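Below is one structure, written out as structure tokens; comments come after it.
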Amino acid sequence: MVRPDEIIRSHRKTLAIAIDRNNRLIVRAPMRCGEERIFAFIQEKEDWIVRKKAEQAKAAIALPPDNLHGYEFLLLGEKCQIFLADRKTVGYDQGAHVLCLPEKKSKERLIKWLKENALRIFTSVTARTAQTMGVGYKSVAISSARGKWGSCSFDNALRFSYRLLYAPKDVIEYVVVHELSHVKHKNHSAAFWSEVAKYVPDWKAKRRWLQTHRALVGIF
């Protein structure tokens, strides 16, 4: 029997379950919902819970320690190792997948470097993809969002979480296509997904990668 790690009661009307980024089973329940009903609901969803926890465990990413020296994380879908050194600038050896950071304020310098490179890469990918799709957009900006990889406003301003930089290039391209498709369709209708499929036929696989690597939002 699968047991919940946490039960959160509120003035909601229905039961809901979720696997959080730490692979914990969270149940959200109405205030007066009894445990018997909660555990019956969990049992109904047991196959889904086991599958999701296994998927997330397979893609689990160790959260960074206080001392980043030697820590490995995903950068453009490849494992990248951090080394701290007595230096003033950030250095990246793409061939060796090594990122050298200054010892002082290493995490702050890393985040600044990630944001700068995310803006550069996402701006380039968006410009190229928009030309291919024949659509325009207002601007590209970087956010620190943990809940969304990307967004498109009603005036077609695009924002991407800098944490998307952890994903493989083809997954980044999918997110860009997704948001540019919102230029034409401000919803997730069948027409929207048809537009996405024109440029990313295997978009479901790309979306699944993002879902199973949701723990990445907790990195830096």
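Computed from the coordinates by the stated procedures, all read-outs in this text should not be read as laboratory data. Note that the structure is a prediction, hence the values are computed from the model and not measured. Using ideal geometry, Cβ is built from the backbone for each residue, glycine included, and neighbour counts are taken over all protein chains shown.
Computed values, structure above
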| quantity | calculated |
| --- | --- |
| With 10 Å bins from 0: P(r) over region 53-185, alpha-carbon pairs, percent | 12, 38, 31, 17, 3, 0 |
| Region 97-178: trypsin sites (Lys or Arg not before Pro) in DSSP coil with no more than 15 other Cβ atoms inside 10 Å | Lys104, Lys105, Lys138, Arg146, Lys148 |
| Relative contact order of region 104-218, pairs being alpha-carbon contacts under 8 Å that are 6 or more residues apart, as % | 23 |
| Alpha carbon centroid spacing (whole Å) that separates region 1-54 from region 151-189 | 31 |
| Residues Met31, Met133, sorted so that the one with the fewest Cβ neighbours within 10 Å comes first | Met31, Met133 |
| Antiparallel DSSP beta bridges within the chain, as percent of all bridges there, nearest 5 | 50 |
| Region 99-207: GluC sites (Glu not before Pro) in DSSP loop, at most 15 other beta carbons within 10 Å | Glu103 |
| Bridge type composition, region 6-58 - antiparallel percent by DSSP, nearest 5 | 45 |
| Loop-located chymotrypsin sites (Phe, Trp or Tyr not before Pro) in region 85-168, at most 11 other Cβ atoms within 10 Å (DSSP) | Phe154 |
